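Encoded as structure tokens, the structure appears first; notes follow it.
The values are calculated or read from the model by the stated rules, or taken from the named source; none is laboratory data. All values derive from a computational prediction rather than experimental measurement. Note: ideal-geometry Cβ built from the backbone for every residue, glycine included; neighbour counts use all protein chains shown.
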Amino acid sequence: MSFLTISHLEKSFGVTRVVKNFNLDVEKGEFISLLGPSGCGKTTVLRMVAGFETPSAGNITIEGREVSSLRPNQRNIGMVFQAYALFPNLTVAQNVGFGLRVKGVPAREIAARVEEMLALIGLPELGDRYPFQLSGGQQQRVALARALAPKPQVLLLDEPLSALDAKVRVSLRNEIRAIQRELGITTIFVTHDQEEALSMSDRIVVMHQGVAEQVGTPFEIYNTPATRFVAGFVGTLNTLDAKVLDPSIGRVKLGGNEMTLGRAIPPGEALLGLRPEMLRLGAHPGEAALTGTITELDFLGSVIRLRIDLGGQPLAVDLFNTTRQAPPKVGETVSLALNPSDALVIGG
Amino acid sequence: MTRAASWAVLLLGLTYFILPLVGMVEFSLSMRRGEYSFDAYAAVLADPQFRETFSYSVVMALLTIVFGILLVVPTAFWVRLKLPRLRPLVEFVTLLPLVIPAIVTVFGYIRLYNTSSWLPLTGTIFGTNLLLMFGYAMLSLPYMYRAVDTGLRTIDVATLTEAAQSLGAGWVTIITRLILPNVLVAVLSGSFVTFAIVMGEFTMAALLNRPAFGPYLQLMGANKAYEPFALATIAFIITWACMGLIQLVTRFTKHDKAGR
């Protein structure tokens, strides 16, 4: 049995169903991300796990104990909020020790645990400060320590990095992941940032319109998206309409080019997904070849993004920037090579 | 507007406010013919009725403040957290004491809680004091509620509450350890206004026949010349001291900028 089980979870606000038949099994120590655009229901799922929202239907069990009917303060769950939510009237140490104090833990034990937590987040000297004396990143670290101090069964992170600037966000997400691994705490992380989800998670749940569209490892989600939405939402994906010429070997025609995927596909029309980084300039033996005209060229530093007209269909191609090779020019007709196994046939 | 004109307007305003106060203080010091003295103050402070009514009103004010905090803080917190759509209604209710004269309220009290009613509060001194305290709390409700509500507006009540709940805190802990300390300055502002209202209130105390400071002020004003001005000066000093305390508390609240 899984450590945390969410089964047939539903939530409606009035006539609007914001979460529809949501199911998820989370193993102990696993880091799960709920990824999706605004309004997809990811935060609502998290809030139902925390107890801040009551499910319209379904169950949530933690270590076999049904918690759906428990109040938030009875669930033994730690939560970190986007807005930090540190208690302004308490010092950092008092904030971190708050949960333990509420539980009636002796003062000496609280002090020891607070010291341990502050060391864990790398802020051992800031215990006497008030929240307003800390930077955003420090406040979020303290919020994490506060959530972890009472040793919760599950840690919930509600877009904890969204309010931080880009540099702090990257360093803090690495720290959060390291701390989570060190403590082995089961974690659910809500984000709309695919990079965060891909870099931090053991598994990702991609949500769309209240439904879990796909659950899988970051590698699976990125490389084998199950639906058109997942394919479009995670990473950049070219979607191209193709006509199937021979379904048994996956021979298709797209934009005036023909290519063989080397696997059976459904007959008729197909939607192919090509990641920009999977395409290369020039012809390569054993790979499918496409021909198109460059319409735009964007220099992005380490990457050059080409916009190519492929028989009337737009195609983005990413090239690594290198001084050894001059970039192509707009208007130039180029050959593109693609490993046929990298082409996704998208359903959904 | 030029700088000189601004100063002129400021001076005019200050004169408008300060001149009557100077006149009042000057008159309160003029009891002895031909020289200034504190005779009026000495006479007032020596009057046992002053001490009795003053201490009665102070005790009533403190009890009213405690009751007001217990009533208003959880109410304003709950309305903000769970019933935001009811806020206009609650605000309207809290404003009613400003439009309903105290005399109407106190006659209502007497009619409802007289000795032949189902809850004969006026039948005992304790009951009457209790009734008077409820009356005072009602009179100060517009100020207390507004002060607390404004204080709550400066913090993210919903998120702080959820954070505390996720850490195992119940409602009492949340209100006493988190909400109240974070709106303390606002609560103190409301408390000092309540204190000032209770100290000067006449109608309810007089009609309920309780020995409060307000009726004593009226009695002195009707029968003496200099003492009422000494009393008014004392009342002003108390009010200013309260305002000074609000400033001090605001200045020394360490976490003032936090969580905003």
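Taken as a whole, region A:53-67 holds at least one residue that is away from chain B (no Cβ under 14 Å), under 24 Å from B:Ala169 (Cα atoms) and basic (Lys, Arg). Checking each residue in region A:131-147 for being more than 11 Å from every other protein chain (Cβ to nearest Cβ) and of a type in the set (A, V, I, L, M, F, W, C) picks out A:Val142, A:Leu144, A:Ala145. All of (1) in contact with an Asp or Glu (Cβ under 8 Å, 6 or more places away or on another chain); (2) within 23 Å of A:Arg251 (Cβ to Cβ); (3) of a type outside the set (S, T, N, Q) hold for A:Val330 with one exception: (2). Apart from one condition, A:Ala212 fits all of (1) away from chain B (no Cβ under 14 Å); (2) within 12 Å of the chain's Cα centre (by Cα); (3) among the hydrophobic types (A, V, I, L, M, F, W, C); (4) under 19 Å from A:Pro37 (Cβ atoms); the exception is (2). Residues in region A:217-243 that are modelled with pLDDT of 90 or more and surrounded by fewer than 18 Cβ atoms within 10 Å (Cβ to Cβ): A:Thr217, A:Phe219, A:Glu220, A:Lys243. The sole residue among A:Ser302, A:Ser341 that is hydroxyl-bearing (Ser, Thr, Tyr), more than 21 Å from A:Thr224 (Cβ to Cβ) and modelled with pLDDT under 90 is A:Ser302.
Counting only strands (runs of 3 or more DSSP E) that fall entirely inside region A:1-102 and contain at least 2 residues that are touching a helix residue (DSSP H, G or I) at 6+ places or on another chain (Cβ under 8 Å), the qualifying elements are A:4-13, A:16-26, A:31-35, A:77-80. The selection criterion, being in contact with a Ser or Thr (Cβ under 9 Å, 6 or more places away or on another chain), more than 14 Å from chain B (Cβ to nearest Cβ), touching a residue at least 12 places away in the same chain (Cβ under 8 Å) and not in a helix (DSSP H, G or I), holds for A:Gly127.
Looking only at region A:156-169, residues that are over 16 Å from the mean Cα position of the chain (by Cα) and touching a residue at least 24 places away in the same chain (Cβ under 8 Å) come to 4 in all. Scanning region A:244-256 for residues that are crowded, with 18+ Cβ neighbours inside 10 Å and either without any contact (Cβ under 8 Å) to a residue 24 or more places away in the chain or part of a helix (DSSP H, G or I) (or both) yields a count of 1. The test for being buried (at least 22 other Cβ atoms within 10 Å of the Cβ), over 30 Å from A:Gly64 (Cα atoms) and within 14 Å of another protein chain (Cβ to nearest Cβ) does not hold for A:Pro160. Among the residues of region B:125-140, at least one is within 17 Å of the chain's Cα centre (by Cα), farther than 30 Å from A:Phe81 by Cβ, part of a helix (DSSP H, G or I) and of a type in the set (Phe, Trp, Tyr).
Does A:Val252 fit the bill of being closer than 25 Å to A:Ala343 by Cβ and of a type in the set (Val, Ile, Thr)?
yes
Those helices (runs of 4 or more DSSP H) of region B:1-110 in which at least 3 residues are over 25 Å from B:Arg146 (Cα atoms), at pLDDT 90 or above and hydrophobic (A, V, I, L, M, F, W, C), considering only elements entirely within it, cover B:3-28, B:39-46. Criterion applied to A:Gly51, A:Gly64, A:Gly58 was being in the same structural domain as A:Leu24 (by TED's automatic domain parsing) and surrounded by 22 or more Cβ atoms within 10 Å (Cβ to Cβ), and the one residue passing it is A:Gly51.
Considering only residues that are within 12 Å of A:Phe3 (Cβ to Cβ) and over 15 Å from the mean Cα position of the chain (by Cα), which ones fall in region A:24-46?
Selection gives A:Leu24, A:Asp25, A:Val26, A:Glu27, A:Lys28, A:Gly29.
Selection of region B:122-146 for residues being hydroxyl-bearing (Ser, Thr, Tyr) and over 17 Å from B:Glu91 (Cβ atoms) yields B:Thr122, B:Thr124, B:Thr128, B:Tyr136. Take the conditions (1) within 27 Å of A:Ala149 (Cα to Cα); (2) loosely packed, with under 15 Cβ neighbours inside 10 Å; A:Thr5 misses just one of them, which is (2).
Within region A:77-91, the residues that satisfy the criterion of being within 18 Å of A:Gly137 (Cβ to Cβ), surrounded by fewer than 24 Cβ atoms within 10 Å (Cβ to Cβ) and among the hydrophobic types (A, V, I, L, M, F, W, C) are A:Phe81, A:Ala83.
When region B:231-253 is filtered for residues that are under 13 Å from the mean Cα position of the chain (by Cα), of a type in the set (A, V, I, L, M, F, W, C) and surrounded by 15 or more Cβ atoms within 10 Å (Cβ to Cβ), the ones remaining, listed by number, are B:Ala235, B:Ile238, B:Cys242, B:Ile246.
Filter region A:92-115 down to residues that are at the interface with chain B (Cβ under 8 Å from one of its Cβ atoms) and closer than 20 Å to A:Gln138 by Cα, then give me how many there are.
Residues of region A:92-115 that are at the interface with chain B (Cβ under 8 Å from one of its Cβ atoms), as a first pass: A:98-99, A:102-103.
Going one step further and asking which of them are closer than 20 Å to A:Gln138 by Cα, we end up with A:98-99.
Qualifying residue count, region A:92-115: 2.
Evaluate the following for A:Arg181: is it at pLDDT below 95, more than 14 Å from chain B (Cβ to nearest Cβ) and under 20 Å from A:Phe3 (Cα atoms)? Judged against the criteria, A:Arg181 is a match.
Going by the conditions given, is B:Ala222 surrounded by fewer than 19 Cβ atoms within 10 Å (Cβ to Cβ), at pLDDT below 90 and closer than 28 Å to B:Leu130 by Cα?
no
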